[in-house]
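Visitor: Pasting in a structure now, in structure tokens, and then I'll have a few things to ask.
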Amino acid sequence: MAAKLKKGDKVIVLAGKDKGKTGQIASVAPKDNKAVVEGVNIAVRHTKQSQGTQGGRIAKAMPIDLSNLAILDRNGKASRVGFRMEGDRKVRFAKTTGEVI
């Protein structure tokens, strides 16, 4: 099955503590049905100093469920993603505007 949300997509959070925030997808884990969005779902991790890295409290973006994300269309509104054939290619499009993503 094709992925509705991919790395690099601009998304908005629909539910949870960061509802309404927007960001870009940094990585997607389709097996777990989760994605990491920059600047969203931030948790503080306490790390020990090691040879190459500085220790301390490090803010890290944690994965968020794909069902809580929606892609932003060109108007900046949340949209669902659909698929259609254009010639011999399968493309994603925003359901609100109909434009290809």
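The values are calculated or read from the model by the stated rules, or taken from the named source; none is laboratory data. Just so it is clear, the model here is predicted, and its values are computed rather than measured. Glycine also receives a Cβ, built like all others from the backbone with ideal geometry; neighbour counts cover every protein chain displayed. The area values use the complete protein model at the heavy-atom level, side chains included, leaving out ligands, DNA and RNA. Shrake-Rupley method; radii C 1.70, N 1.55, O 1.52, S 1.80 Å.
Visitor: Accessible area per residue, 1.4 Å probe, Å², for the chain: what's the number?
Guide: With all protein chains present, the chain gives 69 Å² per residue.
Visitor: While we're looking at this one, here's another question. Could you name the aspartates and glutamates in cross-link range of LYS60, using Cα to Cα under 15 Å and dropping any fewer than eight places away on the same chain?
Guide: Straight-distance partners of LYS60: ASP18, GLU38.
Visitor: Continuing with this model, one more query. How much of the accessible area of the chain, probe 1.4 Å, is carbon plus sulfur, in whole percent? Show your work: numbers first, answer last.
Guide: Values: 3480 of 6980 Å².
The computed percentage sits at 50.
Visitor: Further question on the same structure: Can you compute the modelled spin-label distance between VAL100 and THR53, with each label point 7 Å from Cα toward Cβ, in nm?
Guide: Rounded to a tenth, the inter-label distance reads 4.1 nm.
Visitor: Sort 70-76, 15-21 by packing, meaning the average of other beta carbons within 10 Å per residue, with the highest value first.
Guide: The most tightly packed comes first, giving 70-76, 15-21.
Visitor: Based on Cα coordinates alone, diagonalise the gyration tensor for the chain, multiply each eigenvalue by 5, take square roots, and list the semi-axes in whole Å, largest first. Walk me through the numbers before you get to the answer.
Guide: Values: eigenvalues 202, 46, 23 Å².
Each semi-axis is the square root of five times an eigenvalue, giving 32, 15, 11 Å.
Visitor: Between segment 28-47 and segment 62-79, how many Å separate their Cα centres?
Guide: 14 Å
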